Amino acid sequence: KDIEIKINEKNMKKNPFVTYVTTLTFFSMAVCFLVMLCMMFVPRDFITKITPYYILMFYIVIFAGYACIYFIPKNGTMRFENVFLMVKIIKFLIYLVVLVVVMLGGIEKNAKFAVAYLSLFIIYQVFDTITLTKLVKKK
């Protein structure tokens, strides 16, 4: 049984999808702690009580995007390049629609929120670009 457990642990570490989800989870936890630290020094206009939900949204969208990029080309229904471009465009549109709905819907009352949202967007896009570049190199 010990040998079987060690083999399963070894396979989990080599599986790119499991590795990515683990990395994304720890990265999002680090972003949460960073936001908590920023709440002590940055005015409340920039970081609101809803900010953790935006982090969760970025987590879910990036997770779903990576899952599509990882699994759809394996099925043979679409080429990797097509899936990659489609996922990037859909993710950007989701982020843009959420920003517009939040601003026009009155959920966030000031434009300073857009700076914090843009900062989260940039942080997660840098992470996404770096990790997807590693996947593209493997393909």
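Side notes on the structure shown:
- Looking only at region 84-114, and only at residues there that are within 14 Å of the chain's Cα centre (by Cα) and within 24 Å of residue 30 (Cα to Cα), the one that is most open to solvent (accessible area, probe 1.4 Å): 92
- One residue stands out in region 115-139 among those that are open to solvent by 30 Å² or more (accessible area, probe 1.4 Å) and aliphatic (A, V, I, L, M): the one that is farthest from residue 39 (Cα to Cα), namely 136.
- Counted residues, region 37-59 - those being in a helix (DSSP H, G or I) and surrounded by 12 or more Cβ atoms within 10 Å (Cβ to Cβ): 10
- Any hit, region 106-113, residues being in contact with a helix residue (DSSP H, G or I) (Cβ under 7 Å, 6 or more places away or on another chain) and among the acidic types (Asp, Glu): yes
- Qualifying positions in region 63-110 - part of a loop (DSSP other than H, G, I, E, B) and within 18 Å of residue 53 (Cα to Cα): 105, 106, 107, 108, 109, 110
- Selection count where residues are hydroxyl-bearing (Ser, Thr, Tyr) and open to solvent by less than 50 Å² (accessible area, probe 1.4 Å), scope region 64-83: 2
The values are calculated or read from the model by the stated rules, or taken from the named source; none is laboratory data. If you're wondering where the values come from, they're calculated on a predicted model, not measured in any experiment. Positions of Cβ are backbone-derived with ideal geometry, glycine not excepted, and every protein chain shown enters the neighbour counts. Please note that ligands, DNA and RNA were not included when accessible areas were found on the heavy atoms of the full protein model with its side chains. Shrake-Rupley method; radii C 1.70, N 1.55, O 1.52, S 1.80 Å.
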